[in-house]
Amino acid sequence: MPDRPLLELQGLKRHFPVRGLFNRRVGTLRALDGVDLAVAPGEVLGIVGESGCGKSTLGKTIMGIHAPSDGAVLFDGAQVAGGGVRRPDGLRAQLQYVYQDPGASLDPSWTLRRSLHEPLVIHTKLRRAEREARIQEIVAAVGLPAAHLDLYPHEISGGQQRRVGLARILVLGPKLVILDEPTSGLDVSVQAAVLALFRELRQAFGLTYLFISHDLAVVRSMCHRVAVMYLGRVVEIGPVAEIFARPRHPYTQALLSAAPRIGGPRVTENFALQGEPPDPSQMPEGCRFSVRCRWAAPQCKVEPALEDGVACWRWRELAAGLVPAAAE
Amino acid sequence: MADILTVENLALGFRTEGGLARVLDCVNLTVRPGEIVSLVGESGCGKSTLASAILGTLPRGLAVVGQGSVTLDGADMLRAGAAAGKVRGRTVTFVPQDPFASFNPLFRVGTQIMDLMRWKSPRRREGSWFYSPRRRRADREAVIAMLEAVQLPQPARLLQKYPHELSGGQRQRLMIAMALLPEPRLIIADEPTTALDVTVQAQILGVLRRLAVQRGVAVLFTTHDLGAAWEICDRVTVMYAGQTAEIAPRDSFFTAPHHPYTRLLLRSLPEEGRDPVGIPGSVPSPLSPPLGCRFHPRCPRADARCQAERPVLRGEADHLAACHHPVLAAQEARLDA
């Protein structure tokens, strides 16, 4: 693995103002609150967390849809966002964002060919014949018959629309693709096919994925590393196998224990985590998870930093089994 | 013990511009008193239509009942209009999929719950229009007790809130409380946890299962999430494209599924150490469903017989599959090898 990460986030923050009466600022919603991450080329990094933890804001801030409030985004070693840096023009082509349903981004009144030409017209100076050749190549790679190019989106199936949507993203040759909940709402049989497609495309085009999902089983099967987010911060990060086998942060432990395991015991019978994440505009003091944590102690009044891939004061004690579970 | 719910060979369709959409075709389902049954199937397989048929809320004029029957606690839900209305909301209640869209945003939660209690409370005398202060007080106490049972903190304060002030998990707890308050014998929960996070899902499933078992209420739990089905149910019924594919107790369903569709579905789950396989092809349109077994165009075991003849549910004891070529335990080792 080369030393230089493809994408690096340094203390990335994104705060949204909360407006009250007369549009007066009454508070701050800290959607991202100091995220440090690095994604190596060719890696698949999963981002998991409950809704409202800032997963999607993270993707959108990297993409440039939101400007960071503080911190920096480095792409391929160069700063592309934060600190008053203007976004380089060519970046759009190298960084692509896949929404939940990539097929829905197709214009219903355009043929698929026209939809596929559009990004090349905007981002490259290729001539028509060259563009066409490029498109044929990509369309074959995503497994779509070339004869379909003259059809309209409604004439093909949802699965094929998805492929066209992906082809449209890949035609520019991106380096990093941000997948935002790409499988939520899909049936498992379709989901399996979609995941297989993502895997194939990654191999074929040498892509790097940032895989945002709330589905732990999907992340486990898809990613190399995983970052667990809670209320705008990364609480634990590490290789998938390690995190799933030995979660260290109490939140990760709770999250993993909540996922049903077919063949295992019913988790609902002794699921310990109570409540839901607090409102991100009224953040608890110190460790964000302390209000729901079974092992919260006085030192948790101070925010722990991410060290050794885990942001918890007590993980060493917990891992060593020195702490008896507090009264429940 | 008599079944609380029996659906027998139900076939029904909807009139559409493109002709008759045969949404359900030969569905069989039973729920025994106090039992939690998962109805598993992919989107478009007819789960929600079946739920409407059981509740007697099919759109009038559009739905065409071909054959079969739905019997709920002795009442025929397809044909008896007024009797079905009496059963609905009392003997059978409903937990919807989307807790965000199920409350009226303009009224306080408490008002909406008390509206429900006014008409559907177990303390209401049949045909009575009068809501006596005494019954109102008793109902309110029952509501508070129920909110505590579903683990909503500070129930009295919660009743004063508007729906937008509650989180998704809280609203779904309220929905479960409202489904339990009329003291029904059956709750139909239509994908109640799809919109929720896994930690909240674990809490909600836990509450639903515990209360159903405690109170002896039967639950029909429709879902496309096999993991959630594993968590909550005692028995599983699988549907594919409007046909019942397999009916089995939970353990034997997950360890030894008989129907090829079920096997492929279970193998589509992402799991450690192997890539999920998926099922080639797509779900057929109900406007022109395949003849015979509706799964045959996608089935690796299909032959000429599957195209011509619809398989009936058969099998030993509790474990039934509608397939001409079921995968039985003896063959299993050979197939997997």
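Of all residues in the stretch B:205-250, exactly one satisfies the criterion of being part of a loop (DSSP other than H, G, I, E, B), acidic (Asp, Glu) and in contact (Cβ under 8 Å) with a residue 40 or more places away in the chain, namely B:Asp234. Looking at the stretch A:205-302, the strands (runs of 3 or more DSSP E) lying wholly inside it that each contain 2 or more residues that are of a type in the set (Ser, Thr, Tyr) sit at A:208-212.
Condition check for B:Lys161 on (1) buried (at least 24 other Cβ atoms within 10 Å of the Cβ); (2) more than 10 Å from every other protein chain (Cβ to nearest Cβ); (3) outside any strand (DSSP E or B): one failure, at (1).
Free of Cβ contacts under 8 Å to residues at least 12 places away in the same chain and not in a helix (DSSP H, G or I): does that describe B:Arg125? Here the answer is yes, as B:Arg125 does meet what is asked.
Cβ separations smaller than 6 Å between residues 6+ apart or across chains give the following pairs from the stretch B:155-168 residues that are touching a residue at least 40 places away in the same chain (Cβ under 8 Å) to residues that are of a type in the set (Gly, Ala, Ser): B:Leu159/B:Gly110. Pairs only if they're at least six apart or on different chains, beta carbon under 7 angstrom, first in the stretch A:262-276 and more than 7 Å from every other protein chain (Cβ to nearest Cβ), second surrounded by 14 or more Cβ atoms within 10 Å (Cβ to Cβ) and in a loop (DSSP other than H, G, I, E, B); list them, first residue then second. Filtered contacts from the stretch A:262-276: A:Ala272/A:Arg294; A:Gln274/A:Arg292; A:Gly275/A:Arg292.
What are the residues in the stretch A:171-206 that are touching a residue at least 60 places away in the same chain (Cβ under 8 Å), surrounded by 21 or more Cβ atoms within 10 Å (Cβ to Cβ) and of a type in the set (A, V, I, L, M, F, W, C), if any? Correct list: A:Leu176, A:Val177, A:Ile178, A:Leu179, A:Leu201. For the structure I just gave you, tell me whether B:Thr199 is over 14 Å from the mean Cα position of the chain (by Cα) and closer than 27 Å to A:Tyr251 by Cα. It is true that B:Thr199 is over 14 Å from the mean Cα position of the chain (by Cα) and closer than 27 Å to A:Tyr251 by Cα.
Look at B:Ala241 and say whether it is more than 8 Å from chain A (Cβ to nearest Cβ), at positive phi and buried (at least 23 other Cβ atoms within 10 Å of the Cβ). Please lay out each step first, then the result.
Numbers: more than 8 Å from chain A (Cβ to nearest Cβ): yes; at positive phi: yes; buried (at least 23 other Cβ atoms within 10 Å of the Cβ): yes.
Against the criterion (more than 8 Å from chain A (Cβ to nearest Cβ), at positive phi and buried (at least 23 other Cβ atoms within 10 Å of the Cβ)), B:Ala241 qualifies.
Selection over the stretch B:53-104 of residues that are assigned to a loop (DSSP other than H, G, I, E, B) and over 20 Å from B:Gly127 (Cβ atoms) gives a count of 18. Is it the case that the stretch A:129-147 has a residue that's assigned to a strand (DSSP E or B), within 30 Å of A:Ala40 (Cα to Cα) and assigned by TED's automatic domain parsing to the domain that holds A:Pro41? No, every residue in the stretch A:129-147 fails to be assigned to a strand (DSSP E or B), within 30 Å of A:Ala40 (Cα to Cα) and assigned by TED's automatic domain parsing to the domain that holds A:Pro41. In this structure, does A:Leu195 turn out to be more than 14 Å from every other protein chain (Cβ to nearest Cβ), of a type in the set (A, V, I, L, M, F, W, C) and closer than 30 Å to A:Ala241 by Cα? So A:Leu195 does not fit the description; no.
Residues of the stretch A:213-234 being of a type in the set (A, V, I, L, M) and away from chain B (no Cβ under 14 Å), which ones?
Correct list: A:Ala227, A:Val234.
Of all strands (runs of 3 or more DSSP E) completely enclosed by the stretch A:1-114, which ones contain at least 2 residues that are surrounded by fewer than 16 Cβ atoms within 10 Å (Cβ to Cβ) and among the basic types (Lys, Arg)?
none
Restricting attention to the stretch A:254-265, the residues that are surrounded by fewer than 21 Cβ atoms within 10 Å (Cβ to Cβ) and within 20 Å of the chain's Cα centre (by Cα) add up to 2. What residue, among those in the stretch B:206-224 that are more than 19 Å from B:Leu147 (Cβ to Cβ) and away from every other protein chain (no Cβ under 14 Å), is surrounded by the fewest Cβ atoms within 10 Å (Cβ to Cβ)? Step by step, filter the stretch B:206-224, then rank; the result is B:Gly216. Reported count of residues in the stretch B:174-201, each being modelled with pLDDT under 90 and in a helix (DSSP H, G or I), is 4.
Selection over the stretch A:294-317 of residues that are free of Cβ contacts under 8 Å to residues at least 40 places away in the same chain and of a type in the set (A, V, I, L, M, F, W, C) gives a count of 6.
Sort out which residues of the stretch B:183-205 are surrounded by fewer than 22 Cβ atoms within 10 Å (Cβ to Cβ) and more than 14 Å from every other protein chain (Cβ to nearest Cβ), and write them in order of number. Scanning the stretch B:183-205 gives B:Glu183, B:Arg185, B:Asp190. Selection within the stretch B:225-238: residues that are touching a strand residue (DSSP E or B) at 6+ places or on another chain (Cβ under 7 Å) and within 24 Å of B:Cys293 (Cα to Cα). The member of this set that is nearest to the other protein chains (Cβ to nearest Cβ) is B:Leu226. Of the residues B:Ser69, B:Ser48, B:Ser43, which single one is closer than 25 Å to B:Arg171 by Cα, assigned by TED's automatic domain parsing to the domain that holds B:Ala229, touching a strand residue (DSSP E or B) at 6+ places or on another chain (Cβ under 9 Å) and of a type outside the set (A, V, I, L, M, F, W, C)? The match here is B:Ser48. The lone criterion from (1) of a type outside the set (Lys, Arg); (2) within 13 Å of chain A (Cβ to nearest Cβ); (3) farther than 28 Å from A:Asp215 by Cβ left unmet by B:Gln151 is number (3).
Taking only the stretch B:134-150 into account, find how many residues are under 21 Å from A:Gln274 (Cβ atoms) and surrounded by fewer than 19 Cβ atoms within 10 Å (Cβ to Cβ). Adding up the residues that qualify gives 4.
Just a yes or no: is a residue in the stretch B:130-145 closer than 27 Å to A:Cys53 by Cβ and either assigned to a loop (DSSP other than H, G, I, E, B) or not assigned by TED's automatic domain parsing to the domain that holds B:Leu5 (or both)?
No - not one qualifying residue is present in the stretch B:130-145.
What is the residue count in the stretch A:201-218 for residues that are of a type in the set (D, E, K, R) and at pLDDT 90 or above?
1
The values are calculated or read from the model by the stated rules, or taken from the named source; none is laboratory data. Only a predicted model underlies this, so the values are computations on that prediction, with no experimental measurement involved. Ideal geometry is used to build each Cβ from the backbone, glycine not excepted, and the neighbour counts take in all protein chains shown.
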